[in-house]
Each structure stands twice: as structure tokens, then as C-alpha cells.
Amino acid sequence: MKAQLTIASKNYGAWSLRGWLMCRMAGLDFEERTLPPDDPSARAELLLLSPSFLVPCLEHDGVRVWDTLAIGEYLAELKPRAGLLPTDRLARAHCRSVCGEMHSGFANLRSSMPMNIKARHKGYRVFAGAKPDIARVAQIWSDCLETYGGPFLFGQPTMADAMYAPVVTRFATYDVVLDKHCDKYCRTITAWPLLQEWTAAALAEPDDMEELEVEF
């Protein structure tokens, strides 16, 4: 039976994007199921209404996995040669750490700068509470790029890039100014064929969620 990945909106669904990228990076043959915007699980993800989310959810070979990090770890076990985690033990621990930090942190960035691929807010004034989050993301990126040489955080695409890809889209949406190294990383992720594919589908989505269409 073919695997199935349940996701929410491609324009607004940050966690859905992460899970989808991981499945594609692993080379998993799967079908997409998109929940309607009024589905409770979809709204929980998109509006940050719950500390844990049931979307995205991967169903494969009798297994149901619904947490994004758990999906990544499951795929890394299933497809070890796909490179979701680095082969080096120290790099692998580092990768898991930065993924875990994104998974559990950056609440101010998430709430004040919701993912919205279609939108562009030039000159956006970043909420003061989100500035430390942005600085920490930039530090993580800079440390990884310096340690592993780029162009992705650990040289080649890994779970870490999937976890931080929605942040790249947020920085574009809200016109966040970055140093040249982080800006180059954003351009790498933006040009990543997998993100290009997701973005094209996001731009084609017909429905908007008023709660996430904040006017500035």
C-alpha cells in the first residue's frame, strides 16, 4: 500500500512543509492528503492552537507517525542512505540539537511572523519579542555554515534544512535583514528544487485564512 502524508495548507503550513520535505528527501513514494482549512487538526497547526499537532501525519507500512521530528527520525531509520542525518556522529548530534531547538523553541517568531508564502511585507517592523529568536536562528545558521562549509547547514541537505525552511520563507515574507552568510543560505533554500515545487503549489492555493492575513 502506498504511503500517505496528511498535510494542511501549503501557503500557511510550516509543520506540513517540514514533514513533506523530509518525505521527499527520503525518496519515499507517497500520496498527499490535504485537509480543508476548517478541519480541527489543520487549524491547530496553522493557528498554533495546540502544543502538539496531528498534522503532518505519515502513514506507511502499518505505522502512523504524526510528529514532525518523529517523522524525520522514522525516515532516517527507513532510508539511512538518504542523508536526512549526517553520517558523522558529532555532526549527527549537532543536527539533532538544532532540529530539536526549532521543534520546541522560537515561539515569538512563530506567533508574530506566521508563515505566508504569498505575502510580502516590505519594511516590516519586527516585534521586539521576536528579535532574540531571529538572532538565535542566524547564530545557528552561521555556526553550521562555518563548521560544515555550506551551502546547506550540514553541507548537503539534511533534516535541519527541512526544519528551518519555513523560517526562510518567513524572513522573505517579513523582509528580515540578514548578514551575507545567512542571506546566501536563504537564497540556497529558496532555490532548492523541493522548496520551489512546494512554493509553486502554495501560490496556486485558492483559499485564504483571514486569521493569518494580517494587514500592515
>> With the structure loaded, tell me whether Leu194 is in contact with a Lys or Arg (Cβ under 7 Å, 6 or more places away or on another chain) and within 21 Å of Val98 (Cβ to Cβ) or whether it fails that test.
In response: yes
> Among (1) surrounded by fewer than 22 Cβ atoms within 10 Å (Cβ to Cβ); (2) modelled with pLDDT of 90 or more; (3) not in a strand (DSSP E or B), which single condition is Leu49 missing?
Replying inline: (2)
> Out of curiosity, is Gly123 without any contact (Cβ under 8 Å) to a residue 60 or more places away in the chain, under 27 Å from Lys180 (Cβ atoms) and outside any helix (DSSP H, G or I)?
Replying inline: yes
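For the structure I just gave you, tell me whether Leu145 is farther than 17 Å from Ala14 by Cα and in contact with a His (Cβ under 8 Å, 6 or more places away or on another chain).
yes
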> Which members of the range 1-37 meet the condition of being more than 22 Å from Met113 (Cα to Cα), in contact with a helix residue (DSSP H, G or I) (Cβ under 9 Å, 6 or more places away or on another chain) and of a type in the set (Lys, Arg)?
Replying inline: Arg24
>> I'm trying to understand the selection: among the residues of the range 67-86, which are closer than 15 Å to Thr6 by Cα and surrounded by fewer than 18 Cβ atoms within 10 Å (Cβ to Cβ)?
In response: Ala70
> So is Thr188 modelled with pLDDT of 95 or more, surrounded by 16 or more Cβ atoms within 10 Å (Cβ to Cβ) and polar (S, T, N, Q) or not?
Replying inline: yes
> Somewhere in the range 8-28, is a residue closer than 26 Å to Thr87 by Cα, more than 17 Å from the chain's Cα centre (by Cα) and either surrounded by fewer than 24 Cβ atoms within 10 Å (Cβ to Cβ) or at pLDDT 85 or above (or both)?
Replying inline: yes
> Restricting attention to the range 107-118, and to residues there that are aliphatic (A, V, I, L, M) and buried (at least 18 other Cβ atoms within 10 Å of the Cβ), which single residue is farthest from Leu203 (Cα to Cα)?
Replying inline: Leu109
> From the list Ser41, Ser104, which one is surrounded by fewer than 19 Cβ atoms within 10 Å (Cβ to Cβ), within 30 Å of Gly149 (Cβ to Cβ), at pLDDT below 95 and not aliphatic (A, V, I, L, M)?
Replying inline: Ser104
> Only one residue in Ser111, Ser142, Ser97 is assigned by TED's automatic domain parsing to the domain that holds Ile189 and at pLDDT below 95, so which one is that?
Replying inline: Ser111
>> Going residue by residue through the range 84-96, is there one that turns out to be among the basic types (Lys, Arg), farther than 14 Å from Ala14 by Cα and not in a helix (DSSP H, G or I)?
In response: no
> Thr173 versus (1) closer than 24 Å to Leu90 by Cβ; (2) in contact (Cβ under 8 Å) with a residue 40 or more places away in the chain: which is the lone unmet condition?
Replying inline: (1)
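The values are calculated or read from the model by the stated rules, or taken from the named source; none is laboratory data. Remember, it's a predicted structure, so these values are computed and weren't measured experimentally. Glycine gets a Cβ as well: all are built from the backbone with ideal geometry, and neighbour counts include every protein chain shown.
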